[in-house]
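Beneath this line is the structure, given in structure tokens, with notes to follow.
FYI, it's all coordinate maths here, none of it is from the lab. Predicted, not measured: the structure shown is a model, and the values here were computed from it.
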Amino acid sequence: MLTLVKTTSADADFQELVALLDQDLAVRDGADHGFYAQFNKIDMIRHAVVAYWNNQPVGCGAIKKYDEEAVEVKRMFVRPEFRGKGVAPAILQELEAWAKELDYTACVLETGKKQPEAIRLYEKSQYARTPNYGQYAGVENSVCMRKELREK
């Protein structure tokens with residue numbers, strides 16, 4: 001049974017899952033990990049979701065303000081043994097609904113070419129690739145995406 005809980009970055013389960021995410025990314029990103037890690041601090045995140053499977057924390061994600069129209073999807077992670085069970089799409093849908101409640105009209109995100117399963121999730125969720133934004137402009141291994149949440 002999957003349950004989603006809205007929380008903040010102060011949540012211990014969210015912090016534990018982010019630590020596992022960071023371990024995974026350190027392996028995938030290799031020498032580039034330090035560059036990406038500087039943009040993934042969680043101390044200022046006020047909108048996070050933790051997914052529980054039978055009361056066990058199995059996945060997380062967060063949003064933070066990107067600009068006046070959009071939030072940035074951050075810190076998406078599902079424990080490997082729970083992947084393929086619909087956890088990540090459920091988290092993403094909850095984050096998108098929350099963004100709409102907060103009156104944002106779009107979500108943006110950055111993921112890496114070394115995370116093909118994340119790219120597939122976002123493409124299946126109607127995110128479209130966009131030019132790399134902000135600190136990711138010109139970064140070869142970054143993939144930036146955007147999804148409009150409602151008509152402009």
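Quick notes
- The stretch 42-122: relative contact order as a whole-number percent, Cα under 8 Å and 6+ apart: 26 percent
- Taking the three principal axes of the alpha carbon atoms in the stretch 2-148, the coordinate ranges are 42, 36, 29 Å, sorted in descending order.
- When only Cα pairs below 8 angstrom with a gap of at least 6 residues are kept, the chain shows a relative contact order of 20 percent.
- Karplus-derived 3J(HN,Hα) values for the stretch 84-101, using 6.51 cos²θ - 1.76 cosθ + 1.60 with θ = phi - 60°, are x, 10, x, 5, 4, x, 5, 4, 4, 4, 5, 5, 5, 4, 5, 4, 4, 4 Hz; glycine and proline are entered as x.
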